[in-house]
Amino acid sequence: MNVYGLIGFPLTHSFSKRYFSEKFEKEGIQNCRYELFEIREATELPSVISAQSQLKGLNVTIPHKEAVIPMLDELDPAARKIGAVNVIKVINGNKLKGYNSDYYGFRNSLIKFLGNEDPKSLKALILGTGGAAKAVIAALDDLGIPFKMVSRSGSEYLLSYEDVNATLLAEFRLIINTSPLGMYPKVDACPAIPYEFLTEKHYLFDLVYNPEETLFMKKGATQGAKTKNGLEMLHLQAEKAWEIWNS
């Protein structure tokens, strides 16, 4: 029985097990199962590997996408460039190679979301600075979309949430939430931006997919902004992960 799974903490929000279990059933993929391995620290990865002799691949979610890198034997060039890993391929039972399929999922989902809007006509605000933000940065770079990053503290290179005002929002029409704010079960949280200055010209992309409509999205939609959650991105990156594991 080939085993695939997800590491992260917490995993109460995850759709991955259901997604892959349904995929296996729907596509008649036999002798495969998908498990959740909830680990508080990325350093617990070796114990997951040693306990699962049939493990073929792992997805990696919050908060381990960067911390897991030192424990890998090899990095795909794209994952090395991005600086974050969300897919691990287990080779010959013990060799671990890291990949990033978040980039692929986000880039393709964003292009669909923007429709006829020329990406180069936009500037983006990235809310959050974790591993998922790194994949978003790589995709925006490739699409020629200038961006600024926003964090709770701010710094010489980062905006703080207090810096986000009407003038800034008039210039930056694409806003991407890469933080876990608003994710189940804490659904009444959202990034602290001045939503009253959003308009129908804004695009709000939330990498969170549970709940289906986050408070970030609801507040944007109230102002007429176009909104999208991370579910399609999840599906795209999951299929890319399956391709990586079986290549």
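The values are calculated or read from the model by the stated rules, or taken from the named source; none is laboratory data. What you see is a predicted model, and the numbers here were worked out from it, not measured in a lab. FYI the Cβ positions are ideal-geometry reconstructions off the backbone, even for glycines, and counts take in every protein chain you see. Surface areas here come from the heavy atoms of the whole protein model, side chains and all, with no ligands, DNA or RNA. Shrake-Rupley method; radii C 1.70, N 1.55, O 1.52, S 1.80 Å.
I need the full set of residues from region 190-227 which are among the charged types (D, E, K, R) and either buried (at least 21 other Cβ atoms within 10 Å of the Cβ) or part of a helix (DSSP H, G or I) (or both), in order please. Spell out the reasoning first.
First, the residues of region 190-227 that are among the charged types (D, E, K, R): 196, 200-201, 206, 212-213, 218-219, 226.
Matches in region 190-227: Glu196, Asp206, Lys218, Lys219.
So, in region 14-34, of the ones that are open to solvent by less than 20 Å² (accessible area, probe 1.4 Å) and assigned to a helix (DSSP H, G or I), which residue ends up nearest to Val208 (Cα to Cα)? Give the derivation first.
If we filter region 14-34 for residues that are open to solvent by less than 20 Å² (accessible area, probe 1.4 Å), which is where we start, we get 16, 20, 23-24, 34.
Right, trim to assigned to a helix (DSSP H, G or I) and you get 16, 20, 23-24.
Values: Ser16: 13, Phe20: 18, Lys23: 21, Phe24: 24 Å.
That would be Ser16.
Residue-wise test of (1) more than 29 Å from Tyr99 (Cα to Cα); (2) touching a strand residue (DSSP E or B) at 6+ places or on another chain (Cβ under 8 Å); (3) among the polar types (S, T, N, Q).
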{"residue": "Glu171", "(1), (2), (3)": "yes, no, no"}
{"residue": "Asp188", "(1), (2), (3)": "yes, no, no"}
{"residue": "Asp206", "(1), (2), (3)": "no, yes, no"}
{"residue": "Thr214", "(1), (2), (3)": "no, yes, yes"}
{"residue": "Thr222", "(1), (2), (3)": "yes, no, yes"}
{"residue": "Lys226", "(1), (2), (3)": "yes, yes, no"}
{"residue": "Asn229", "(1), (2), (3)": "no, yes, yes"}
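Name the residues in region 161-182 that are within 22 Å of Leu122 (Cβ to Cβ) and of a type in the set (Gly, Ala, Ser), would you?
Looking only at region 161-182, we keep the residues that are within 22 Å of Leu122 (Cβ to Cβ), and these are 161, 163-179.
Result: Ala166, Ala170, Ser179.
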For region 119-169, give me each residue that is touching a strand residue (DSSP E or B) at 6+ places or on another chain (Cβ under 6 Å), outside any loop (DSSP other than H, G, I, E, B) and farther than 18 Å from Pro191 by Cα. Leu140
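Output the residues belonging to region 109-118 that are without any contact (Cβ under 8 Å) to a residue 40 or more places away in the chain and outside any loop (DSSP other than H, G, I, E, B). Working first, answer last.
Going through region 109-118, the residues without any contact (Cβ under 8 Å) to a residue 40 or more places away in the chain turn out to be 111, 115-116, 118.
Residue satisfying the conditions is Ile111 alone.
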In the set Leu140, Leu125, Leu169, Leu158, the lone residue that is more than 19 Å from Ala225 (Cβ to Cβ) and either of a type outside the set (Phe, Trp, Tyr) or open to solvent by 20 Å² or more (accessible area, probe 1.4 Å) (or both) is Leu158
Only strands (runs of 3 or more DSSP E) wholly contained in region 35-100 count here; list those with 1 or more residues that are free of Cβ contacts under 8 Å to residues at least 40 places away in the same chain and exposed (fewer than 14 other Cβ atoms within 10 Å of the Cβ). 87-91, 95-99
Specify which of the listed residues (Leu198, Leu140) is in contact (Cβ under 8 Å) with a residue 12 or more places away in the chain and either among the β-branched types (Val, Ile, Thr) or farther than 29 Å from Ser14 by Cα (or both). Leu198
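For (1) charged (D, E, K, R); (2) under 18 Å from Ala241 (Cβ atoms), each residue gets a yes or a no:
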residue: Arg33; (1), (2): yes, yes
residue: Phe37; (1), (2): no, yes
residue: Ser47; (1), (2): no, no
residue: Leu58; (1), (2): no, yes
residue: Ile69; (1), (2): no, yes
residue: Lys89; (1), (2): yes, yes
residue: Lys95; (1), (2): yes, yes
residue: Tyr104; (1), (2): no, yes
Cβ-Cβ under 6 Å, sequence separation 6+ or interchain: first residue in region 225-247 and of a type in the set (Val, Ile, Thr), partner open to solvent by 20 Å² or more (accessible area, probe 1.4 Å). Which pairs? Thr227/Ala221; Ile244/Lys89; Ile244/Tyr99
